[in-house]
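Okay, structure first, notes after.
The values are calculated or read from the model by the stated rules, or taken from the named source; none is laboratory data. Small disclaimer: the values here were computed from a predicted structure and weren't measured. Quick reminder, even Gly has a Cβ in these numbers, built from the backbone with ideal geometry, and neighbours come from all protein chains shown.
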Amino acid sequence: MNGYDAIEGIRNLMSFKRYSNNKIVIMPGGGVNKENCLEFKNAGFKEIHLSGIPKSNYTNRKDSDCNTI
């Protein structure tokens, strides 16, 4: 691990988003999870990239990442 987390990169991603002038989609990915995904939504990101690997076999449970995001 490089010592950074997804939240620390929001400013850079927001800068890239402004620079792209909506010509490309800047999609946050590494380190985004159910605990911090709303930070990205609140920062104006409408799409995020997730690994899609459930942490449990029960993706329909209330505490599942799939339902939170």
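Within the range 37-51, how many residues are in contact (Cβ under 8 Å) with a residue 24 or more places away in the chain, on the phi < 0 side of the Ramachandran plot and surrounded by fewer than 15 Cβ atoms within 10 Å (Cβ to Cβ)?
Counting residues in the range 37-51 that are in contact (Cβ under 8 Å) with a residue 24 or more places away in the chain, on the phi < 0 side of the Ramachandran plot and surrounded by fewer than 15 Cβ atoms within 10 Å (Cβ to Cβ) gives 2.
Give the residues of the range 10-69 that are among the basic types (Lys, Arg) and at pLDDT below 85, sorted by residue number.
LYS34, LYS55, ARG61, LYS62, listed by residue number.
Residue by residue through the range 33-43, note down the ones that are part of a loop (DSSP other than H, G, I, E, B), more than 15 Å from ASN12 (Cα to Cα) and either in contact with a helix residue (DSSP H, G or I) (Cβ under 8 Å, 6 or more places away or on another chain) or of a type in the set (Val, Ile, Thr) (or both).
ASN33, LYS34, ASN36
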